[in-house]
Amino acid sequence: MWANLRKQQWPNPRWLFPAPKVTKFFVVALFVALMFSVWTTQEDQWAVHVKRTVAEEVSMSSVSRVHKSGPRSVLIMAMVKNAGPTFPAILASFDSIGCNFDIASILIFESNSADNTPENLRLWLDKHLECHRLGQVTHRRLLKPAADPATEFRGAHFARTDRYQAWRNYLLAEAGLEQERLAADLQGGFEYFVVFDELYFVEWKSILANGFRFKESGLDVHCCSGQHTPGIVWDEMALVLENGTWAFQPGVHGRWTPLVNSVPFLEVQSCFGGVLVVKDLPKLLDTRCRYVDSQAAITKDPLLEKYLRRTSGAVELCEHIPYNFCLRRSGLRIGTARDAIAHYNKPYPQYLPYFT
């Protein structure tokens, strides 16, 4: 038997074990093919996850409100000035989020930019948009020149936060007007309200998958995880923990990051993070809460003095703290959303695929 086996024609060993260069080529090709397969599978799974998350959360919000059969809707707002060369990617992320809703209004307010921001906005408005993810009813993109309500706060003795509070009230007023314009279609108001700061680059997939998970969090307002260094909470000046502890401490950064990152959602007294996602815009506007300047806030509530930041030439109170305190007194719950990521100042190379 062994003799017969030896007489059989077996494959040439050189085909089984080719030259090292050929072997290396086939191994690399096989590895690339496998990685591409895994990557496309993950992308498909991510897209399904995003669709399912948004659909479940928005329908849940509709059931809990009067307009139970109303369309899924979102209002996205941002005010920009000298937004820089990466602004087209930020605009694309706005569209990517809006495409997941039946009605999406995206309002950009531009204020006297000296760079190519106005041109980028014009190109964005002229670009034909096709929403492939979900059936789209209305996708309204609007560019408005921003007035300058902060003129009265110009001067070295006024803190920058006092100028910001004027702009943020301007956005709130415009949000109410946009809701009135679309009242017939909305059947009760915008389900979601998203506010972006101009210097934050968002991982729009993570915002969609995690920023709208209100059913899980039980909150009304989500502050996204604005980061300057990956994984480190950046916007500490706006962050006040549930026990009243202020996260900001001069010369110390990231002290409270482990606590904030320990859970997907952490209820706090105040936060921002560069991107704010609100469930139920009518409920937010019904509180009649507005941003106030530092002096007015402290005059009304002297206890806010412990959150003052003293800088050269000014004393400032983060404008989000008194505003969020007002929201909480009105019954709204606020918290951080750890996995909804935004990057302060510039996107890191490893995250660039998430911006387009």
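The values are calculated or read from the model by the stated rules, or taken from the named source; none is laboratory data. For clarity, every value in this text was computed on a predicted model and none was experimentally measured. Reconstructed Cβ throughout: ideal geometry from the backbone, glycine too, with neighbour counts over all protein chains shown. Ligands, DNA and RNA are stripped out before the accessible areas are found, and what is left, the full protein with its side chains, is counted by its heavy atoms. Shrake-Rupley method; radii C 1.70, N 1.55, O 1.52, S 1.80 Å.
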For this session: Mind listing the long-range amide H neighbours of Ser113? Cut-off is under 5 Å, sequence gap 5 or more, other chains count too, H placed in the peptide plane at 1.01 Å from N.
Result: Asn82
Seminar exercise, completed: Per the 1/(1 + (r/R0)^6) rule, R0 = 25 Å and r from the Cβ atoms of Ser111 and Val315, FRET efficiency to 0.05 is 0.45
For this session: Using packing as a proxy for protection, rank 112-123, 288-299 so that the peptide with the highest average count of other Cβ atoms within 10 Å comes first.
Result: 288-299, 112-123
Problem set entry | Peptides 75-86, 94-105 ordered by average Cβ neighbours within 10 Å, highest first | 94-105, 75-86
Exercise. What are the ³J(HN,Hα) values, in whole Hz, obtained from phi via the Karplus relation 6.51 cos²θ - 1.76 cosθ + 1.60 with θ = phi - 60°, for each residue of segment 106-122 in sequence order, with x given for Gly and Pro?
Worked result: 10, 10, 10, 10, 9, 10, 6, 5, 9, 9, 8, 4, x, 5, 4, 5, 5
Exercise. Using modelled backbone amide H atoms (1.01 Å from N, in-plane), which distant-in-sequence or interchain residues come within less than 5 Å of Val268's amide H?
Worked result: Ile334, Gly335, Thr336
Exercise. Per the 1.4 Å probe, what fraction of the accessible area of segment 242-314, in percent, lies on carbon and sulfur atoms?
Worked result: 52 percent
For this session: Determine the shape class of segment 175-320: with a ≥ b ≥ c the square roots of the Cα gyration tensor eigenvalues, call it rounded for a/c under 1.5, and otherwise prolate if a/b is greater than b/c, oblate otherwise.
Result: oblate
Seminar exercise, completed: HN-Hα couplings for segment 292-300 via Karplus (6.51, -1.76, 1.60; θ = phi - 60°), in whole Hz with x for Gly/Pro, come out as 10, 6, 4, 5, 5, 5, 6, 4, 6
Seminar exercise, completed: For Phe248, the net charge from surrounding residues (Cβ-Cβ under 10 Å; K, R +1; D, E -1) works out to 0
Exercise. Ordered by packing density, taken as the mean number of other Cβ atoms within 10 Å over each peptide's residues, highest first, how do 250-261, 325-336, 222-233 rank?
Worked result: 222-233, 325-336, 250-261
